[in-house]
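What follows is one structure encoded as structure tokens, with my remarks underneath.
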Amino acid sequence: MALLVRKARRSLGGGSSSSVELMILVHYHYRCPISLDLTQELVIAPMGITYDRESIEAWLDIGCATCPVTHAPLRHEDLVPNHAIRSIIQDWCVTNRSRDVERIPTPKIPVTPVQASKLLFDLAGFTRHRDTMS
């Protein structure tokens, strides 16, 4: 287990407020191995390591082509959403809502290159059809 320390503003008696630190136990498996923050949009690499999408994509974008944990080759295309762990973390967030832990969002499913090509092809066809109708 690891501690997550969050500062929160709490109202005191006559309307004044003060900052207090909340210490929340966060299991280390709920943290991204790169950022060490609570993982938000979880993706899993082929070697079984789960990352926060933003952190691992930034890692790959700077030219690192290996898994930061195992050093095995890694590409953007290898990353897939990890719905199982995301559900567990969401449940943990709901359980700790009274401690000001926000539920992690459910990510939108990204469009694949094939889906994007099909959409562009359909749009081009629609545009050609519309132009011939004019």
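Values quoted throughout were computed directly from the atomic coordinates according to the rules given, and no laboratory measurement underlies them. The shown structure was predicted, so the numbers you read here are calculated from the model rather than taken from an experiment. Please note: Cβ atoms are built from the backbone with ideal geometry, for glycine as well, and neighbour counts cover all protein chains shown.
Once Rg and the Kirkwood radius are both taken over the C-alpha atoms of segment 31-104, their ratio Rg/Rh works out to 1.02.
The simple Förster model, with R0 at 25 Å and r as the Cβ-Cβ distance, assigns S117 and D61 a FRET efficiency of 0.65. For segment 31-104, the relative contact order works out to 28 percent when only alpha carbon pairs closer than 8 Å and six or more residues apart are counted. Other residues with beta-carbon under 11 Å from the beta-carbon of E54 carry, at +1 per Lys or Arg and -1 per Asp or Glu, a net charge of -4. Segment 68-131: which trypsin sites (Lys or Arg not before Pro) are DSSP loop and have at most 13 other beta-carbon atoms within 10 angstrom? Taking segment 68-131 and a limit of 13 other Cβ atoms within 10 Å, the loop trypsin sites (Lys or Arg not before Pro) found are R75, R103, K108.
Among the GluC sites (Glu not before Pro) within segment 37-123, those in coil by DSSP and having at most 15 neighbouring Cβ atoms inside 10 Å are E102. Over all other residues within a Cβ to Cβ distance under 15 Å of A84, the charged ones net out to -1, with Lys and Arg as +1 and Asp and Glu as -1.
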